[in-house]
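Asks: Quick one: this structure, given as structure tokens, is what I'll be asking you about.
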Amino acid sequence: MTHDEYISYDGTGLGKLVREKEVEPSELLDLALERVSVLNREVNAVVRLMEEDARAAAQNYKVDGVFSGVPFLAKDLGSHFAGHPTSAGSRLTKDVSAKRDTELVRRLRATGVSIFGKTNLPEFGLTPYTEPELWGPCKNPWDLARTPGGSSGGSGAAVAAGFAPMAGAGDGGGSIRIPASCCGLFGLKPTRGRTPTGPSRGQVWRGATVEHILSRSVRDSAIMLDMTHGADPGAPYEITLPENPFVEEVERDPGRLRIAWTRKPILGSEVHPDCINAVEEAVGLLEELGHQLVETEPQIDGEGFARAFMLMVASEVGADIYDAETVLSRSARRGELEPVTRVLSLLSNSLSAREFSSALRLLEHEARSVGAFFENHDMLLTPTIATPPARIGELTPTPTEQLQLRALGLIGSGRLVKMIGLLDEVAKHAFDFTPWTPVFNVTGQPAMSVPLYWNPDGLPVGVHFVARFGAEATLFRLAGQLERARPWFDRLPEIAKNVLNA
């Protein structure tokens with residue numbers, strides 16, 4: 001098999017070749033590793049290789065598995081592999097090895113995929129761009145001067161570059177959907193509780209974070225969710241099981257849907273014309289397909305939501321750092337945490353129980369408001385993010401903000417952080433880029449970014465669909481319809497093509 005042939009298949013297609021004995025899993029793994037060796041120096045998507053484990057999986061694969069022998073990459077956060085470190089993108093935790101597999105990793109292994117490495121991410125998955133001090137910036141295969149998004153940016157860049165047809169991702173504020181938009185991929189965030197977070201965690205970011213994958217095809221996403229969904233023992237959430245396999249929904253007609261749509265940012269300030277064009281083109285396509293489009297949007301307190309969300313995240317970061325320090329039996333040393341992470345941790349130490357509970361209550365109130373909106377609409381359509389992929393460094397704190405953050409970290413005062421409002425400015429940068437996605441992490445609803453538009457510069461710009469709680473089936477039906485109407489699978493960045501075919 002040549003490299004051009006390798007990237008012409010999705011995971012389902014490669015698995016079929018393995019089952020029919022047209023290719024061996026070891027050959028697919030060799031191709032994947034060769035692509036990493038050649039291209040990763042450019043994109044910096046893979047930060048750890050797990051070749052020995054992958055070789056063993058390739059030799060002992062299940063003959064009849066849908067994804068048996070298919071190369072796969074895991075995000076280096078949340079997916080713990082026994083005996084392997086999980087860096088979480090941080091100097092503090094880069095060498096901390098897991099004692100056991102997480103439940104999702106156990107289910108991924110059971111699908112038969114050959115997991116051969118881990119992907120780049122921002123420290124503790126905190127930002128919508130992937131520029132950690134530990135690993136260095138990850139670059140977008142469509143334009144190496146631009147970000148692949150975050151926090152699952154390494155996974156997005158790896159799939160776009162053709163390292164593997166799928167890669168693991170987690171979404172706590174848009175971290176599946178943002179890289180999908182930036183990298184021209186399909187990315188679905190499942191409903192809260194659809195995929196497991198155990199055995200050591202009941203919920204991540206108060207239930208905002210959900211794990212799944214990034215893929216080039218809709219069916220790969222559907223099949224992987226079929227094979228990994230369901231609560232694990234002790235889970236705090238257990239939602240209704242789907243009536244049919246998700247992969248069957250991909251081929252079903254969605255019927256005539258009532259779809260609300262908007263160009264207006266819920267949390268941010270401005271939207272780039274390319275993102276508006278992407279939504280308006282999608283509206284036209286949806287109308288051609290027979291759907292009812294209504295221009296409206298849910299009303300929420302955007303400023304209050306943004307502040308409450310950041311307080312929730314700060315509390316979770318503080319707990320993550322405390323847990324890491326407990327495992328290491330020492331405190332974080334100077335330079336082991338990035339300035340934003342350090343300041344979030346300080347803020348968490350200064351929060352009162354009342355402030356934390358009040359923040360959660362505000363988020364829950366806004367979630368109720370959004371839920372009521374969906375009583376009258378099957379879906380909401382928005383841009384996925386507010387701009388095309390940003391340039392590397394464009395979204396990071398300014399030099400002045402960096403100095404202030406470092407000074408606050410040295411002073412060690414969370415109260416001072418609250419007083420001067422610096423965190424609000426950092427949050428504003430993030431929410432200006434992602435003014436829609438975090439809302440639906442809080443509501444728990446399923447949502448997807450679909451690659452229907454490329455701007456005049458040849459950069460992908462995703463559109464974002466949100467469905468009712470538990471309605472992944474509706475999303476998959478519409479995604480399948482859109483994929484057939486406006487195919488995107490063969491659109492690949494130039495860097496992914498013609499690799500080592502000689």
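The values are calculated or read from the model by the stated rules, or taken from the named source; none is laboratory data. What you see is a predicted model, and the numbers here were worked out from it, not measured in a lab. When we count neighbours, we look across all protein chains shown, and the Cβ atoms used for this are built from the backbone with ideal geometry, even at glycine.
Asks: Evaluate segment 128-143: report whether one residue or more is part of a helix (DSSP H, G or I), within 23 Å of MET50 (Cα to Cα) and either basic (Lys, Arg) or over 11 Å from the mean Cα position of the chain (by Cα) (or both).
Replies: no
Asks: Would a scan of segment 86-109 turn up a residue that is among the hydrophobic types (A, V, I, L, M, F, W, C) and in contact with a His (Cβ under 6 Å, 6 or more places away or on another chain)?
Replies: Within segment 86-109, one or more residues are among the hydrophobic types (A, V, I, L, M, F, W, C) and in contact with a His (Cβ under 6 Å, 6 or more places away or on another chain).
Asks: Kindly indicate whether any position in segment 179-188 is farther than 15 Å from PRO460 by Cβ and either modelled with pLDDT of 95 or more or aromatic (Phe, Trp, Tyr) (or both).
Replies: yes
Asks: With the requirement that a residue be part of a loop (DSSP other than H, G, I, E, B) and either among the acidic types (Asp, Glu) or surrounded by 13 or more Cβ atoms within 10 Å (Cβ to Cβ) (or both), what does segment 322-379 give you?
Replies: ALA332, GLU336, LEU337, GLU338, LEU351, PHE374, GLU375, HIS377, ASP378
Asks: Does segment 56-69 include one or more residues that are under 30 Å from PRO389 (Cα atoms), part of a loop (DSSP other than H, G, I, E, B) and in contact with a Phe, Trp or Tyr (Cβ under 9 Å, 6 or more places away or on another chain)?
Replies: no
Asks: When you scan segment 442-449, do you find a residue that is under 25 Å from LEU363 (Cβ atoms), among the hydroxyl-bearing types (Ser, Thr, Tyr), touching a residue at least 60 places away in the same chain (Cβ under 8 Å) and buried (at least 21 other Cβ atoms within 10 Å of the Cβ), even just one?
Replies: Yes; the residues of segment 442-449 include at least one that is under 25 Å from LEU363 (Cβ atoms), among the hydroxyl-bearing types (Ser, Thr, Tyr), touching a residue at least 60 places away in the same chain (Cβ under 8 Å) and buried (at least 21 other Cβ atoms within 10 Å of the Cβ).
Asks: Being under 30 Å from LYS94 (Cα atoms) and in contact with a helix residue (DSSP H, G or I) (Cβ under 9 Å, 6 or more places away or on another chain) narrows it down to one residue among PRO245, PRO339; which is it?
Replies: Residue meeting the stated conditions: PRO339.
Asks: Among (1) over 11 Å from the mean Cα position of the chain (by Cα); (2) under 16 Å from LEU121 (Cα atoms); (3) acidic (Asp, Glu), where does ASP171 come up short?
Replies: (1)
Asks: Output the qualifying pairs, or none if there are none: Cβ atoms under 8 angstrom, residues six or more apart or on different chains, first residue in segment 222-235 and farther than 11 Å from HIS212 by Cβ, second residue assigned to a helix (DSSP H, G or I) and charged (D, E, K, R).
Replies: These pairs meet every condition: MET227/ARG107; ASP232/GLU103.
Asks: Which of the following residues is in contact with a His (Cβ under 9 Å, 6 or more places away or on another chain) and on the phi < 0 side of the Ramachandran plot: ARG146, ARG177?
Replies: After ruling out the rest, the residue left standing is ARG177.
Asks: Shifting gears a bit: With the structure loaded, tell me whether GLU243 is in contact (Cβ under 8 Å) with a residue 60 or more places away in the chain, of a type in the set (Asp, Glu) and buried (at least 22 other Cβ atoms within 10 Å of the Cβ) or whether it fails that test.
Replies: For GLU243, the condition - in contact (Cβ under 8 Å) with a residue 60 or more places away in the chain, of a type in the set (Asp, Glu) and buried (at least 22 other Cβ atoms within 10 Å of the Cβ) - is not met.
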